[in-house]
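The values are calculated or read from the model by the stated rules, or taken from the named source; none is laboratory data. In this text, all values refer to a predicted model and were calculated from it rather than measured experimentally. When we count neighbours, we look across all protein chains shown, and the Cβ atoms used for this are built from the backbone with ideal geometry, even at glycine. Accessible surface areas use protein heavy atoms only, side chains included; no ligands, DNA or RNA. Shrake-Rupley method; radii C 1.70, N 1.55, O 1.52, S 1.80 Å.
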Amino acid sequence: MSQEQRETGIGAMPGQTSVASDLVDTRRFQRAGSLLREVIFELDAAGRLLLTCRAWERLVGTPADAWKGRALVDLFHPEDRDQARALLRTAISRVDSPARLELRLTGGTQPRWVEVSVTGDPERLGGVLGTLVDVTARRLAEEAATTRERYLGAMVEVQRRLLEPESAGDLYNAILEPLGRVAGASRAYVFEFHRDGSGRMLQSQRAEWAAPGVSRELDNPETQGAPVDESFRLHHLEELGRGEAVQGTPEVFCEGITPVLKAQGIRSLLVLPLRVHGELFGFIGFDNCDEARAWSHVEVKLLSGAAGALSLALEQHTTDALRVRTETALRRTEAGFHLLIEGFPDPVVVHTTDGMLLSVNPAMAKYLGYQDPAELLGRHLLGLVRREDQEVARRHLEEAQDGGLAARSHEVPLVRRDGQVVSADLVTLGVLFDGVPARVTVARDFTERKHMQAQLMLGDRLASMGMLAAGIAHELNNPLSYVLSNLEFLHRALGPMPRPLGAEELLEYQQVLEDAREGSERMRQIVRQLKVFSRVDDAHDEPVDLHRVLDSVTQMAASEIRPRARLVKQYGTVPAVRGNEGKLFQVFLNLVINAAQAIPEGFTDTHEIRLISRVDADGQVVVDVRDTGRGIAPEHVRRIFDPFFTTKAPGQGTGLGLSICDTIVRALGGSISVDSAPGHGATFHVALHPAVRTAPVV
């Protein structure tokens, strides 16, 4: 028997053929897995691991052979195992599209997250195929970004309260509540240091904030006049004297104070020094009575900025002369805001309400490729944005009213010094800067999130393509059939030998060729639509003919529409819009497919899907996708654009389609909304900017 026969099973006995075939499949599975960064695996009907790839050990830390035969759910954190079991049960019944969930791995001091994608194995009854992708870095980045944004709001609020004249007599209580809440603390408090008659350093509590349900300790005698050297170890005092934070469980502090801290229910605490005129004045502390958690480096840095602002305010109120000098320094150097933003890890700028840059932190200068932040001072914020994106950036800035809530933009491209374009997520808040209305804007790198969105959009396209595959094949098969039929007729009619043709024959053959040409053109159009829909050049914006996009969408979705409803096109006279043809194709294909799936099959005479194009009073181009289907329940209307929210049955939708539509339209500077009521259908309104701005309709 040849080597090829041994590997493939050809020429083997019947029983040997099955074993050899399984061996080849296993080798193929493992070879394919070695090419991927993701972990691929196969489970039996009991959820036990049958096959996996080399990437398993890199992700899990244990050789794959040691896991074979074990239940996959054992891989996950005990609190996530019920979700894992439910996911596997769902996957068994879904072979057309995978079910996905993000779960934590078991073990380790820090949580590790993986995205689990599973689907039923069509070749093995009850079996499951799936992948594991490490998403820990993304989860941590999202959590860190959320933390920074939350802290920024609290820091601005603290600075505002410290600068208010009425806070002069009660600096501590003015800031303890916002700091305690943002730090997730059970208590926040201030202790001041002072000396007794013998010169020994004592500490006394001066102010306190406590979360609901947490006991207050301000009136506890043990918090007044306690010797500092009996509370802090020597190295702790040295760290505080250097301006560094001290944190830990009650056991890391002096033995004499540990029982007192435990009696107050404290499981961990953070202490930040207050320095006035270069001397250690006291500290601001945070208790956690729920868990022995550590505050992260970013949290400590931001809270230290607040402690520094409080120290500055204490200096400011020491004497009238000092107050005058400090206020003068604040006016000249914006010290209050510099204290908050200089050490902020994300890029930050302070600018006037019309966009002139007043202050730039080092992180922003580095992000944009500048050596010195001073190089950016005096420039206009919109000068950092590409010309074609300045209108979107301008609208974002106008949303932030002085002292109002943060205004967000999902994506604003910024231009670095070397001309490279980076995508940034902006947060802008209205503030008072030296008594004048101003704005502070934080930029967060959008590159990784943009890559994730691109992956989700591609997945949504592939899901739509899979749903429409049979209909597309039918649309191609019809013209292909009569093209081949006409060519076969010509082949037989003309025969193998050349001969003179009569006038009637020439006319007949010309008509046959014309029919074949029309069929070929129809196939070419379908292929073009597939190419537009699948192309990945999503960054290129250009004038787009919406009617051509809508015509292509309806032809692509014809197989979904035809058994359910009549299609009505009510096109108005509209200009080309600014956008990307492939992205807009994806938006309207999702909306049309959703409209069709909201209508039951078999009622074509009583239902319709209507596409309406128009220009609204603001000069925007609006497309309405209207159906006469079952409509949307009121409690669902406000959530339909949320990622992964779906009212469809398991296996019929991922909940990403409308979320992706919303992301695409907003990135193009437009908007998407819906009007619906149960039993009365739904109308989705997509508003886009014209490629050439037109005057609003009066």
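So ARG48 passes all but one of these: (1) in contact (Cβ under 8 Å) with a residue 24 or more places away in the chain; (2) within 16 Å of VAL133 (Cα to Cα); (3) of a type in the set (D, E, K, R). Which condition number does it fail?
(2)
Looking at (1) of a type in the set (Val, Ile, Thr); (2) modelled with pLDDT of 90 or more; (3) open to solvent by 30 Å² or more (accessible area, probe 1.4 Å); (4) under 29 Å from the mean Cα position of the chain (by Cα), find the lone condition where THR654 falls short.
(2)
Tally up the residues in region 101-129 that are of a type outside the set (A, V, I, L, M, F, W, C), open to solvent by 60 Å² or more (accessible area, probe 1.4 Å) and in contact (Cβ under 8 Å) with a residue 60 or more places away in the chain, please.
Start the filter on region 101-129 by keeping residues that are of a type outside the set (A, V, I, L, M, F, W, C), which leaves 102, 104, 106-112, 115, 117, 119-124, 126-127.
Imposing the further condition that a residue be open to solvent by 60 Å² or more (accessible area, probe 1.4 Å) reduces the set to 106, 108-112, 122-124.
When the remaining residues are screened for being in contact (Cβ under 8 Å) with a residue 60 or more places away in the chain, the result is 124.
Within region 101-129, residues that are of a type outside the set (A, V, I, L, M, F, W, C), open to solvent by 60 Å² or more (accessible area, probe 1.4 Å) and in contact (Cβ under 8 Å) with a residue 60 or more places away in the chain number 1.
Return the pairs, sorted by first residue and then second, in which the second residue is in a strand (DSSP E or B) and open to solvent by 30 Å² or more (accessible area, probe 1.4 Å), the first residue lies in region 285-310 and is touching a residue at least 40 places away in the same chain (Cβ under 8 Å), the beta carbons are less than 9 Å apart, and the residues are 6+ apart or on different chains.
PHE286/GLN247; ALA294/GLN247; TRP295/GLN247; VAL300/GLN247
Conditions: (1) open to solvent by less than 30 Å² (accessible area, probe 1.4 Å); (2) over 37 Å from the mean Cα position of the chain (by Cα); (3) small (Gly, Ala, Ser). SER198 meets all but one. Number of the miss?
(1)
Tell me which residues, restricted to region 142-176, are over 23 Å from VAL348 (Cβ atoms) and either at pLDDT 75 or above or open to solvent by less than 30 Å² (accessible area, probe 1.4 Å) (or both).
Taking region 142-176 and keeping what is over 23 Å from VAL348 (Cβ atoms), we get 165-174, 176.
Within region 142-176, SER167, LEU171, TYR172, ASN173, ALA174, LEU176 qualify.
Conditions first: (1) at pLDDT below 85; (2) open to solvent by less than 50 Å² (accessible area, probe 1.4 Å); (3) not in a helix (DSSP H, G or I). ALA329 passes all but one, so which condition is the exception?
It fails just one condition, (3).
Do you know which of the residues in region 612-636 that are over 22 Å from ILE660 (Cβ atoms) and of a type in the set (D, E, K, R) is modelled with the highest pLDDT?
ARG614
What are the residues in region 407-435 that are of a type in the set (A, V, I, L, M, F, W, C), open to solvent by 50 Å² or more (accessible area, probe 1.4 Å) and at pLDDT below 70, if any?
LEU432
Counting only residues that are in a helix (DSSP H, G or I) and among the small types (Gly, Ala, Ser), which one in region 60-81 is least open to solvent (accessible area, probe 1.4 Å)? Before you say what the answer is, go through the steps one by one.
Residues of region 60-81 in a helix (DSSP H, G or I): 60, 64-67, 72-75, 78-81.
If we keep only those that are among the small types (Gly, Ala, Ser) as well, we get 64, 66.
Details: ALA64: 21, ALA66: 59 Å².
Only one residue fits best here, namely ALA64.
Please count how many residues of region 107-119 are over 19 Å from the mean Cα position of the chain (by Cα) and within 14 Å of LEU132 (Cα to Cα). Reasoning before the result, please.
So in region 107-119, the residues over 19 Å from the mean Cα position of the chain (by Cα) come out as 107-111, 118-119.
Then drop every residue that is not within 14 Å of LEU132 (Cα to Cα), which leaves 118-119.
Residues meeting the conditions: 2.
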